[in-house]
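Single-structure report; data block below.
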Amino acid sequence: MQLLQAGAHQLILLELDSSLLAQGAQEAGLLCEITDGERFVTLRVEAPDNDQPLLLFDAADAGLANWFSRCQFYVDGRSGAVLQTPFLIANSFDRRGRVEPQALRIQVRKELPAHFRLPGRQPVNEKMLYAVLFNFLTALQKVGVGICGGPLVKPLATKADTPPSPPFTRG
C-alpha cells in the first residue's frame, strides 16, 4: 500500500496479489479468472458445481424481506458499486447474451481516496480488503447480496432460491 499526493488530493494505492485473490475465491468455492489492470483488478467468479444461482437478489422484492434483513452487502443497481467497498460488480453473459446465473464479474479498485473506509469504519489496507472480498464471495453463496434499485445489475436469485432461515432458538 502506498499513499500518493496529487496536488490537494491524496490517494491510497493498493498492491493486490492476484494469487491471494484467486486463493480466496477458491476457498469460497468459486472458480476465478483474474485480469490485472493499472487501476482495477477484475475477477470473473463462477460456481459451476452449484445447481443454484449466486445469491444476488432484488432487494425491492417484498417476498424476500427476510433475506434482505440478513444481508451484509448491498449493491447500487444503478452503478454496480458494492456499498462501503471498493468493488464494482456486473453480470456475466453467455454467447447468446443471456445472464449467467452462476457467474459474476467483480472489479476491485486499486486507487482509493485517502478518506475511504471499509465496513465498520476500518481503514483500507490489502489484508482488510482480502477479508472483505472473501466475506463478499461467501455471501454470494450462503447469505445473499441485495441489489438496491437501478437497471444495470440484474438479480441472479429469486424467492425459490432463498436459503432456509436459521432455526429460531431461545437464548
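Can you tell me which condition PHE68 does not meet? The list is (1) within 16 Å of the chain's Cα centre (by Cα); (2) modelled with pLDDT under 95; (3) on the phi > 0 side of the Ramachandran plot, and all the others hold.
That leaves (3) as the condition not met.
Which residue pairs have Cβ atoms under 6 Å apart, sit 6 or more places apart or on different chains, and have a first residue in the stretch 142-171 that is farther than 24 Å from LEU30 by Cβ and a second that is modelled with pLDDT under 55 and not charged (D, E, K, R)?
Short answer, once both residue conditions are applied: none.
Restricting attention to the stretch 1-43, which residues are assigned to a loop (DSSP other than H, G, I, E, B) and closer than 21 Å to GLY144 by Cα?
Answer for the stretch 1-43, where residues must be assigned to a loop (DSSP other than H, G, I, E, B) and closer than 21 Å to GLY144 by Cα: ALA28, GLY29, LEU30.
Of the conditions (1) surrounded by 19 or more Cβ atoms within 10 Å (Cβ to Cβ); (2) at pLDDT 95 or above, ILE147 fails just one. Which one is it?
Going through (1) surrounded by 19 or more Cβ atoms within 10 Å (Cβ to Cβ); (2) at pLDDT 95 or above one by one, ILE147 breaks only (2).
Under the condition of being part of a strand (DSSP E or B) and among the polar types (S, T, N, Q), which residue from the stretch 95-132 is modelled with the lowest pLDDT?
Top of the filtered list is GLN122.
Suppose we keep only residues that are out of contact with any strand residue (DSSP E or B) (no Cβ under 8 Å at 6 or more places or on another chain) and either polar (S, T, N, Q) or over 20 Å from ASN135 (Cβ atoms) (or both) within the stretch 6-35. Which one would you say is surrounded by the most Cβ atoms within 10 Å (Cβ to Cβ)?
GLN23
For GLU33, state whether it is free of Cβ contacts under 8 Å to residues at least 24 places away in the same chain and either more than 14 Å from the chain's Cα centre (by Cα) or on the phi > 0 side of the Ramachandran plot (or both).
Criteria met by GLU33.
Could we say that LEU54 is assigned to a strand (DSSP E or B), touching a strand residue (DSSP E or B) at 6+ places or on another chain (Cβ under 7 Å), at pLDDT 90 or above and over 13 Å from VAL108 (Cα atoms) here?
no
Which of (1) modelled with pLDDT under 95; (2) farther than 30 Å from GLY7 by Cα; (3) among the polar types (S, T, N, Q) does ASN91 not meet, given it meets every other one?
(1)
Give the stretch 32-70 a look and list any residue that's under 30 Å from GLN2 (Cα atoms) and not polar (S, T, N, Q), or say none.
Selection gives CYS32, GLU33, ILE34, ASP36, GLY37, GLU38, ARG39, PHE40, VAL41, LEU43, ARG44, VAL45.
Mind checking which residues of the stretch 57-90 are surrounded by fewer than 17 Cβ atoms within 10 Å (Cβ to Cβ), part of a loop (DSSP other than H, G, I, E, B) and in contact with a strand residue (DSSP E or B) (Cβ under 6 Å, 6 or more places away or on another chain)?
Residue satisfying the conditions is LEU83 alone.
What's the number of the only condition in (1) touching a residue at least 24 places away in the same chain (Cβ under 8 Å); (2) out of contact with any strand residue (DSSP E or B) (no Cβ under 7 Å at 6 or more places or on another chain); (3) charged (D, E, K, R) that ARG44 fails to meet?
(2)
The values are calculated or read from the model by the stated rules, or taken from the named source; none is laboratory data. All values reported here derive from a predicted model rather than from experimental measurement. Glycine also receives a Cβ, built like all others from the backbone with ideal geometry; neighbour counts cover every protein chain displayed.
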